[in-house]
Amino acid sequence: MSAKSENLMKAFWELVVVWVIGLVIAEWLVHVGIDHWPLIGSVQAQITADATTYLVWQAVAIYVLVGGTIVYSAFRFRARDNDNTPPTYQKRYWAPFVVFWLGMSIAINLANTIYPGMVGLEQLWAIQLNAKHPLVVDVTAQQWKWTFSYPKQGITDVSQLVVPVGRTVEFVLRTKDVMHDFWVPAWGIKKDVIPNEIRHLYITPTVLGSTKTNPMIRVQCSLICGNGHPMMRAPVQVLTKAAFKTWVSNNSF
Ligand SMILES: [Cu+2]
């Protein structure tokens with residue numbers, strides 16, 4: 001081996017060390033940060049939180065590799081004060097590395113399309129397809145409020161959303177005017193409400209609570225829809241099945 005290639009091999013292993021140290025620190029920070037999810041309040045939110053955790057973990061590993069290489073190279077290969085010899089040889093790219101990196105990019109993207117992409121969607125669709133008797137809640141959005149009706153329970157136009165824990169709810173979304181977006185932060189996924197369309201969102205709440213105990217459990221419009229948009233929210237209660245029955249009998253007629 002020439003002195004030059006020896007140097008490059010040394011640089012390569014130093015870079016591996018930089019990457020591993022950076023990886024341990026960065027992934028530890030990710031771990032600490034991800035332990036602080038605000039609230040995972042539905043089966044669907046767990047699926048999307050798992051996907052997000054995985055993608056953040058992966059993105060950080062790549063970021064540390066790319067960022068670490070740039071910072072390391074800037075120090076390791078900088079021009080020295082006493083070095084006046086002009087560079088005799090400069091290669092703009094090294095073909096095997098280009099092929100390797102291109103191959104890795106394609107492989108990572110294909111893998112992510114399968115997991116969490118297709119696997120996650122499959123899980124979400126399976127809940128929707130397997131929900132034999134979802135609780136149907138009609139949701140009407142308008143500038144700037146939400147109203148809820150429970151067609152099978154005979155409850156119409158209430159201004160708070162009440163659902164039982166552990167049962168899949170089918171939200172039937174309509175708007176009277178412009179586009180809005182139905183979102184309960186604790187439930188993870190949300191859906192645009194579009195004029196002249198009827199759209200469906202399936203949620204299986206897993207955590208008891210209400211807007212009073214945790215503001216993550218609230219309906220919040222999530223699509224800018226005019227002046228009143230930030231205040232376009234509605235209180236939510238997630239009750240036990242028994243408490244939900246009582247609420248239904250007190251409110252239906
Ligand atoms: Cu809005």
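Between Thr156 and Ala107, full extension at 0.36 nm per residue minus the direct alpha carbon distance yields a gain of 12.5 nm. If the cut-off is a Cα-Cα distance under 28 Å, which lysines reach Lys91, setting aside same-chain residues fewer than 8 apart in sequence? Partners within reach: Lys4, Lys10. A straight Cα-to-Cα reach below 25 Å connects Lys245 with the lysines Lys132, Lys152, Lys212, residues fewer than 8 places away in its own chain not being considered. Here the range 135-251 is treated as a Stokes sphere of Kirkwood radius computed over C-alpha pairs; at 4 °C and 1.567 mPa s its diffusion coefficient rounds to 92 µm²/s.
Counting charges near Ala131 (Lys, Arg +1; Asp, Glu -1) among other residues having Cβ under 13 Å from its Cβ returns a value of +1. Dividing the Cα radius of gyration of the chain by its Kirkwood radius returns 1.19 for Rg/Rh. Contact order for the chain, expressed relative to its length and based on alpha carbon pairs under 8 Å spaced 6+ residues apart, stands at 20 percent.
Separation of the range 31-78 from the range 138-170 is 37 Å, based on Cα centroids. Considering the chain as a Gaussian network with a 10 Å cut-off on Cα pairs, which listed residue, Val64, Val236, Val184, attains the greatest mean-square fluctuation? Evaluated over the chain, the most mobile residue of the options is Val64. With contributions of -39500 (n - 2.57) from each DSSP H run of at least four residues, the per-residue ellipticity at 222 nm computed over the chain stands at -14500 deg cm²/dmol.
Using unit Cβ charges (K, R positive; D, E negative) and no other charged atoms, how large, in debye to the nearest 20, is the dipole of the range 135-251 about its Cα centre? The partial results should precede the final answer.
Details: 13 positive and 7 negative charges, 66 e Å.
Charge dipole, the range 135-251, about its Cα centre: 320 debye, nearest 20.
Beta bridges from DSSP with both residues in the range 135-251: antiparallel share about 70 percent, rounded to the nearest 5.
Explain nothing, just the number: dipole magnitude of the chain about its Cα centre with +1 on each Lys and Arg Cβ and -1 on each Asp and Glu Cβ, in debye rounded to the nearest 20. All intermediate terms of the calculation are to be shown ahead of the outcome.
Numbers: 21 positive and 15 negative charges, 61 e Å.
Charge dipole, the chain, about its Cα centre: 300 debye, nearest 20.
Here, each number is a calculation from the coordinates, and none is a lab measurement. Here the structure is a predicted model, which is why all the values come from computation and not from measurement. Cβ coordinates were reconstructed from backbone atoms using ideal geometry, including for glycine residues, and neighbour counts include every protein chain displayed.
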